[in-house]
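Okay, so here's the structure we're looking at.
The values are calculated or read from the model by the stated rules, or taken from the named source; none is laboratory data. Fair warning: this is a prediction, and the values are worked out from it, not measured in the lab. Note: ideal-geometry Cβ built from the backbone for every residue, glycine included; neighbour counts use all protein chains shown.
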Amino acid sequence: MWVDTDFEKASGIGTTVTEDDIMNVVGSYMSANKGRILEDGYLALPLTLKEMASDPFLKWADAKLRAEIVNKAFEGLLGPKDKQLVALAKKKASPYSGDII
């Protein structure tokens, strides 16, 4: 039987997610996935953003704030995005066509 409290919980009513909450979850995620993130560089960013958006708690967080915190965490770990992406593009260049994969 469906009751109002089930609906409220399922829709996030009454759920408050603070900036500190987001930072804690993102920090834990970054620590747990550090090796993969260092290996993949900024190519891991879209997957990380998707996983943070689907996190049962963080899905109720402000999406813009969540993305800003994830981007800052990546920049803190990998350095500036533009320089890191150029290096990654050179590393991932196809040996067959000269095109970037």
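The table for this structure:
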{"quantity": "Positions within the range 45-71 being touching a residue at least 24 places away in the same chain (Cβ under 8 Å) and farther than 12 Å from residue 25 by Cα, in sequence order", "calculated": "45, 60, 62, 65, 71"}
{"quantity": "Qualifying position, being at pLDDT 90 or above, among the acidic types (Asp, Glu) and in a helix (DSSP H, G or I), among 21, 82", "calculated": "21"}
{"quantity": "Yes/no for residue 28 being at pLDDT 95 or above and either touching a helix residue (DSSP H, G or I) at 6+ places or on another chain (Cβ under 9 Å) or not β-branched (Val, Ile, Thr) (or both)", "calculated": "yes"}
{"quantity": "In the range 56-78, residue farthest from residue 15 (Cα to Cα) [restricted to those that are assigned to a loop (DSSP other than H, G, I, E, B) and modelled with pLDDT under 90]", "calculated": "56"}
{"quantity": "Candidate set from the range 34-55 (those that are among the charged types (D, E, K, R) and either in a helix (DSSP H, G or I) or at pLDDT 95 or above (or both)); member that is farthest from the chain's Cα centre (by Cα)", "calculated": "39"}
